[in-house]
Amino acid sequence: MSVVVTGLGVVGGFGAGEDALRAVLASGAPVTASIEDAGLALDGHSPRSQRASVVPKDALRPWLAPGKARRMSPASRLAVAGSVQAIEAAGLASEDVAGPETAVSLGTYFGSTSYTYKLLAQLRETGALSVSPLLFMETVANAHAGQIALMLGLEGPNYTISQREASGALAVARGVDLVRSGRAQRVIAGAADEASPIQHVVLDAYGALARPGAEGVQAARAFGREPTGVLLSEGAALWVLEDEAAARGRGANVRARVLALVRANDATATQTDWGDGAEHLGASLRARLEALDTPLDSIDRIVAGAAGARRGDALELRTLQAAFGDTPLPPLAAPKAATGAYGGGELGAALLALEGADWAPGLWFRAGSDGWAEPVQEAPRGPAERVLVSAVAAGGAACWIVLERADD
Amino acid sequence: MPEIVITGLGAVSPYGVGVAALWEGLLRGETAIAPLDLFDTSGHRTRIGGQVPEAPRGLERERDAAGRAERLSRTDRFAIDAAREALADAGFAQDAPELRRAGLFFGSSTGGMFEAERVLLADPTSALARRFSHVGGQVICAPAIALARDLALGGPVETVTSACSASTMALEAALMSLESGEVELAIAGGADALCELTYSGFNSLRAIDERPARPFRADREGLSIGEGSGMLVLETAAHARARGATVLAVLAGAGSSCDAYHMTAPHPEGKGAIQALERALGAADRGAVAFVNAHGTGTPHNDVAEAQALRAVLGERLADVAVTSTKGAVGHLLGACGALEAVVTVRGLVEGVVPQTPGDGPVDPEAGVALVLGAPARPAPCAAALSTNLAFGGANAALHLRAAGTEGA
Amino acid sequence: MSTPPPDLKLAIKRLVIERLFIEGMEPEDLTDEMSLKEELGLDSVDALELAVCLEQEFGIKIVGAGMDHSTFESVQSLADFVHERQAAQAS
């Protein structure tokens, strides 16, 4: 049984909707605001990172009226707006999706850190009796997936997966499994993450975030020999996954077929860092794709999760090289420099890569040896037959998805 | 599709470390819910819960098998202890080569939040400046990462965070990956530790009872929060046979659903729970179900909604099916409860024994379930059982387990 | 029993609007008798939130899970409740 993608909903610092995503990928430069303007400043802290990519005010309005969002955390709002957008893009009406045949599988790296922080502030400042039930409800990590289901009446399985940078890909993979195993006829699957002041401060203290360089410009660059750090961002990216026969039966626009899923773990990683398990990860990827009859030399684009974390980017590149072995890597893109590190922008980008959107050359790379790569002079053009979506997380989890063009 | 079996069990609970401590505690019928001393409860609405005795209270430096230092949280510790027990129970050495391809499907609701909140509840500015690792390292998936590292697992690793159904759904995810052939061996379960975030949060919803929870009783007034871990080893029946493993039970089915009704209250007729149960049972003979390990939190709403769901699925037979809940004994382990309750259910099938629910007081006639009281039940035959969990956000999940020896049934 | 003072009702209106995230509404738009359930769509969790707010703001204690639904019917009923509790706790 074949699972296809029939809709996409995206929101991010770049705005909302596919055209906004296309534009930021074409420019290659993220849409950012100062930490102050992004609402991420935190009293008593002077982080080194100076810019972040946050969703513009009112960007969600076409899909989520403020009145309906009353009890939603920022993360829930992003997740719901992205889902409504995805359903509409798939040509489905709310009556079509309500019921037990539609599932949700949402990845989130952080959950609602803003609400968690506020709740802990209440605990600290005014005591346990002052804790707000409305805040608490939304600090539960599955609140966002629950809000999607509540808004759209989705009674199928409701999964929330959190596994650092692999959250979105793993959620999509689990969504595919739900359709393949007959647990759902369609799944809204993807990622949602909000940016918050406490998150910015913590990530910055870890040295994870990009900061202004010698010329005062802050830019996250993937695969560099010199680490840049990542761009803090927020957003949501949701795919509508469906059983292919059902999708074709209703005349849906089939954007991609999910050909293969691979999941593996690098047990040399610590809880907060990447490890050195490129050989094992690469061998797992290769072996699984061979077992699934999806040879690596049939892949013509790779969309990587690399975002500017030196060890992570290096591990991912070495893993891909270990998997491909003697076969040269196809054109390799790292869209997070434009879409930001969190919020699933890379899931939206992967679909667009299959369809041949023109991206800035700075987002495409040619691999060197030793875990680094250089941006190319000329970006590849035109659609691809097969795209490998790659996610290698700190902590060790990795997930790859092969998408195939399906306009037959 | 291959049959999937359970070959190892591990647990950490308020009765102590190990499945034996848990099982014996349950059969003694005395609740482990008692005044907490993990944190100061004097400012909270309630004072009691299910606390794991003698467990570390802060990040502990540990050297792993390869001699590398790690900082383990309370939750990490629970998960590792339970998983090691489960692997040993299944007959695997800790460095067994099969672990290289095994998957880990893990559920938690707050990961290492207890340690993270210690920092954030202290003076925030100076504390944050010094102890970021306590905050940043304690994401929800941190225990799964620590566990995968401890066991050198190289297959799929996935943390499901669907609140009270998290580890039940982790078991469902494991079942899917085993049935599809992605893995032949999986470790699945969950862990959660007490923390003031969830303790004060559930209290703000007035969901916690001042007294130990009394699931399905007429005088129930709310839940008790607990902590711990349940871990299970799952494999294909063929894989188990090939290595001569003892099969403890068959994971015959798992199902999940969403109420899509309300963010905290369950559907009053248990509509989503019915769905999860029906999906777990599939076409199996409902008449073979000998007992149910209910979610049974002890809140006025949950228990009656759940009873309705059980009645809808089991029909008239419900009166003959023993119903138990561990939540009056160990509390509600949040993300870990599904797995811990699965451990108890499997043990129940192995022994043909269903633990009683502690305490006295009449069963709520509106619930109308055959609650196990006073002494353990010994249903005969004891061929199959159900375990249910109904979570916040309406995420429901259920497991259908069959006794060993029914393989191929 | 004396009637609750107007500033009490205004404080309650502010709490309802701010703590329950009611957008686009000013205290003067919220009348004393408006049904909070029917007209603002508030439910049991909102009631629990208001309970916390009332305890914190007015120093009263609201005990138990089975709070009376009629208390949360309107701003007027909330104000009557707080006023009565304050009087009871003072004596």
Using the structure shown, decide if residue B:335 is in a helix (DSSP H, G or I), within 14 Å of chain A (Cβ to nearest Cβ) and more than 14 Å from residue B:270 (Cβ to Cβ). yes
Of (1) at pLDDT 95 or above; (2) aliphatic (A, V, I, L, M); (3) more than 19 Å from the chain's Cα centre (by Cα), residue A:217 fails just (1)
For segment A:67-108, give me each residue that is hydrophobic (A, V, I, L, M, F, W, C) and part of a helix (DSSP H, G or I). A:69, A:75, A:78, A:79, A:80, A:81, A:84, A:86, A:87, A:89, A:97
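Filter segment A:179-202 for residues that are polar (S, T, N, Q) and within 20 Å of the chain's Cα centre (by Cα); which is farthest from the other protein chains (Cβ to nearest Cβ)? Step through it out loud before you land on a result.
Kept after step one, since they are polar (S, T, N, Q), are these residues of segment A:179-202: A:181, A:185, A:196, A:199.
Pick out the ones that are also within 20 Å of the chain's Cα centre (by Cα) and you get A:196, A:199.
Numbers: A:196: 13, A:199: 9 Å.
Here the answer is A:196.
Only one of these is in contact (Cβ under 8 Å) with a residue 40 or more places away in the chain, under 30 Å from residue A:110 (Cα atoms) and of a type outside the set (D, E, K, R): A:314, A:333. Name it. Show your work before the answer.
Working: A:333 fails: in contact (Cβ under 8 Å) with a residue 40 or more places away in the chain.
Being in contact (Cβ under 8 Å) with a residue 40 or more places away in the chain, under 30 Å from residue A:110 (Cα atoms) and of a type outside the set (D, E, K, R) holds for just one of A:314, A:333, which is A:314.
So how many residues does segment A:249-266 have that are within 14 Å of chain B (Cβ to nearest Cβ) and more than 20 Å from residue A:317 (Cβ to Cβ)? So that I can check it myself, show each step before the final result.
The initial filter retains those residues of segment A:249-266 that are within 14 Å of chain B (Cβ to nearest Cβ), namely A:258, A:260-266.
This time we only want the ones that are more than 20 Å from residue A:317 (Cβ to Cβ), so: A:258, A:260-261.
Summing the residues that are within 14 Å of chain B (Cβ to nearest Cβ) and more than 20 Å from residue A:317 (Cβ to Cβ) in segment A:249-266 gives 3.
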For residue A:46, all conditions in the list (1) without any contact (Cβ under 8 Å) to a residue 60 or more places away in the chain; (2) crowded, with 16+ Cβ neighbours inside 10 Å; (3) of a type in the set (S, T, N, Q) hold save one; what is the number of the exception? (2)
Just to confirm my filter: which helices (runs of 4 or more DSSP H) fall fully inside segment A:235-341 and include at least 3 residues that are surrounded by 18 or more Cβ atoms within 10 Å (Cβ to Cβ)? A:278-291, A:310-324, A:336-339
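Would you point out which residue out of C:74, C:35, C:44, C:70 is farther than 30 Å from residue B:219 by Cβ and free of Cβ contacts under 8 Å to residues at least 40 places away in the same chain? So that I can check it myself, show each step before the final result.
Details: C:74 fails: free of Cβ contacts under 8 Å to residues at least 40 places away in the same chain; C:44 fails: farther than 30 Å from residue B:219 by Cβ; C:70 fails: farther than 30 Å from residue B:219 by Cβ.
None of the others qualify; the one that does is C:35.
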Scope segment A:6-34; condition in a loop (DSSP other than H, G, I, E, B), crowded, with 24+ Cβ neighbours inside 10 Å and of a type in the set (A, V, I, L, M, F, W, C); matching residues: A:14
Confirm whether residue A:104 is closer than 23 Å to residue A:7 by Cβ, surrounded by 24 or more Cβ atoms within 10 Å (Cβ to Cβ) and among the β-branched types (Val, Ile, Thr). yes
Number of the exception - residue A:176 against (1) within 26 Å of residue A:6 (Cα to Cα); (2) surrounded by fewer than 24 Cβ atoms within 10 Å (Cβ to Cβ); (3) at the interface with another protein chain (Cβ under 9 Å from one of its Cβ atoms): (3)
So if I check each of A:141, A:220, which one is part of a loop (DSSP other than H, G, I, E, B), facing chain B (nearest Cβ under 9 Å) and not basic (Lys, Arg)? A:141
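Which of the residues that make up segment C:1-55 are of a type outside the set (Asp, Glu), more than 22 Å from residue A:127 (Cβ to Cβ) and part of a helix (DSSP H, G or I)? Lay out the reasoning, then the answer.
Taking segment C:1-55 as the starting set, the residues that turn out to be of a type outside the set (Asp, Glu) are C:1-6, C:8-17, C:19-22, C:24-25, C:27, C:30-31, C:34-37, C:40-42, C:44-45, C:47-48, C:50-54.
Within this subset, residues satisfying the condition of being more than 22 Å from residue A:127 (Cβ to Cβ) are C:1-6, C:8-10, C:13, C:16-17, C:21-22, C:24-25, C:27, C:30-31, C:34-37, C:40-42, C:44.
The answer is C:6, C:8, C:9, C:10, C:13, C:16, C:17, C:27, C:36, C:37, C:40, C:44.
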Do we have residue A:117 as at pLDDT below 95, within 30 Å of residue B:202 (Cβ to Cβ), of a type in the set (Ser, Thr, Tyr) and in contact with a helix residue (DSSP H, G or I) (Cβ under 8 Å, 6 or more places away or on another chain) here? yes
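Would you kindly identify the strands (runs of 3 or more DSSP E) lying entirely within segment B:88-195 that contain at least 1 residues that are modelled with pLDDT of 95 or more and more than 9 Å from chain A (Cβ to nearest Cβ)? Break it down into steps so the answer makes sense when it comes.
Numbers: elements: B:103-107, B:157-160, B:185-192.
Per the criteria, B:103-107, B:185-192.
The values are calculated or read from the model by the stated rules, or taken from the named source; none is laboratory data. Since the structure is predicted, the reported quantities are computational estimates derived from the model, not experimental observations. All Cβ positions, even for glycine, are placed from backbone atoms using ideal geometry, and neighbour counts span all protein chains on display.
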